[in-house]
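Worksheet: the structure to be examined is printed underneath.
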Amino acid sequence: MDVKRVFLIVLDSFGAGEAPDAGDFGDAGSSTLRSVSSSEKFYAPNLTRLGLFSIDGTGCERPEIKPFGVYGKAREVSAGKDTVTGHWEISGVISDKPMPTYPDGFPAPVLDEIEKETGIGALCNKTYSGTEVIKAYGREQARTGKMIVYTSADSVYQAAAHTDVIPLEKLYDYCRTARRILTGKNAVGRVIARPFVGEYPDYRRTSDRHDFALEPTGTTMLDILKSAGFETVAIGKISDIFAGRGVTERIPTVSNDDGMKKTDEVAERDFTGLCFVNLVDFDSKYGHRNDVDGYAKAVAEFDAWLPTFINDMKADDVLMITSDHGCDPLTPSTDHSREYIFLLATGETMKENVNLGTLDGYSDISATILEMFNIENNLQGKRFLKQIEK
């Protein structure tokens, strides 16, 4: 298979139905795809033609539509349902143990050590919505100069500060220190800087969020590609998720729309390798806020972008579209859900209307991408290239 470029786009949290072990995670019955596609704002003819509603066992099948793409779903093997774990598994690293979470807040010794190192105390230390926590603690943060520290059901340590009180670079330095301290049994998946601006009660978070993730615990697809001399262009929070490892170019984004525009810009360039994209708005703006109509509209906007991108693809380009976990906006929970992820793919070197069925692990994606580039590797994952190449 003669492939020069692969564009791998992750629609963050767009799960394809409850996984077999969803009940163990409190997610029985969750289906982000089913919930989002039930909204009157949902319109996705291009994803449909690629095969989104031809995937087996989603409860959303539309057998009357013949897809032109490769389609299927994958079960998560790793012990988690968060962004880092999902992306790592897509890239070939299986996480056998779940990353730590803190439903009752972080232990006092941890916060004391961070305060000792940074000179900045902590407010809140609870599970909280990011938009609500700045309303509740923003004025106290301005008065005391302390950091608003909070978490969620995910393995995250989030630090929020008004930029007039704690400048952006100082907030980043604080988070770097917290990242260095949060190791061992307290090795959270991500430390996230959450700057905000404005006046009470109209505080608003800025686009200067920055994630400080753990380094992957094993060799990833990105490591292998970079070592083999291929380019690895990371758009959105991909570089943060992998702590910059294996990335030859980092391109941050401020929204889904910005991510799509920057993907177009990269596609116009001549390069050989992988363009790995994360579109986070599905998760951060809509899934976690149980905004099903907003989620559906975001999918419709991505779908409207797709035809031009596909039409402009070169003969040796491959497009893969997937997700990393679920975040069903119609369940009472605002947390991620343990779901299958979908996989859609197309390109001139690929067959049409190929049903991959259910892949036993997200890492089949990285195993297949590396085979497209003729790179031998020992990553976990089964290759499905022979099923899809012409």
Which percentage, to the nearest 5, of the DSSP beta bridges contained in the chain is antiparallel? 35 percent
Contour minus Cα-Cα distance for T48 and E132 (0.36 nm per residue): 26.6 nm
Would you mind checking the pairs K41/K66; K81/K351; K285/K314; K97/K226; K97/K135 and listing those with alpha carbons more than 25 angstrom apart? K81/K351; K285/K314; K97/K226; K97/K135
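Normalised by the empirical 2.2 N^0.38 Å for globular proteins, what value does the Cα Rg of the range 102-143 take?
Details: Rg = 11.2 Å, N = 42, 2.2 N^0.38 = 9.1 Å.
Ratio of Rg to 2.2 N^0.38 Å for the range 102-143: 1.24.
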Quick calc: nm separation of the 7 Å Cα→Cβ label points for A315 and E352 -> 1.8 nm
How high is the FRET efficiency from E265 to S38, r the C-beta distance, R0 45 Å, rounded to 0.05? 0.85
Given a 1.4 angstrom probe, what's the average accessible area per residue across the range 315-390, in square angstrom? 37 Å²
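Could you tell me the relative contact order of the chain? Use alpha-carbon pairs under 8 Å, at least six residues apart, and round to a whole percent. Present the calculation step by step, with values, prior to reporting the outcome.
Values: 924 pairs, mean separation 121.1, N = 390.
This gives 31 percent for the chain.
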Excluding ligands, DNA and RNA, the carbon-plus-sulfur percentage of the accessible area of the chain with a 1.4 Å probe reads 45 percent
K116: which lysines have alpha carbons under 25 Å from its alpha carbon, excluding same-chain residues fewer than 8 sequence positions away? K126, K146, K170, K185
Probe 1.4 Å, accessible area per residue of the range 56-120, Å²: 46 Å²
Assuming a viscosity of 0.890 mPa s and a temperature of 25 °C, what translational diffusion coefficient in µm² per second does Stokes-Einstein assign to the chain, Rh being the Kirkwood radius over Cα pairs? 115 µm²/s
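What order do D24, D257 take when sorted by accessible area (1.4 Å probe), most exposed first?
Values: D24 135, D257 80 Å².
These residues rank, largest area first, as D24, D257.
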Convert each backbone phi in the range 190-204 into a coupling constant with the Karplus relation 6.51 cos²θ - 1.76 cosθ + 1.60 (shift: θ = phi - 60°), then list the ³J(HN,Hα) values in order as whole Hz, x for Gly and Pro. 9, 9, 10, 7, 10, x, 9, 9, x, 10, 4, x, 9, 5, 9
Pop the C-beta distance of S255 and D293 into the FRET formula with R0 = 30 Å and round what comes out to the nearest 0.05. 0.95
Per-residue counts of other Cβ atoms within 10 Å, averaged by peptide: what ranking do you get for 349-359, 147-157, highest first? 147-157, 349-359
Using a 7 Å offset from the Cα along the Cα-to-Cβ direction at both E61 and K382, what is the distance between the two label points in nm, to one decimal? 2.0 nm
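The values are calculated or read from the model by the stated rules, or taken from the named source; none is laboratory data. Small disclaimer: the values here were computed from a predicted structure and weren't measured. Note that each Cβ is placed from the backbone with ideal geometry, even for glycine, and that neighbours are counted across all protein chains shown. The accessibility values were calculated without ligands, DNA or RNA, using every heavy atom of the protein model including side chains. Shrake-Rupley method; radii C 1.70, N 1.55, O 1.52, S 1.80 Å.
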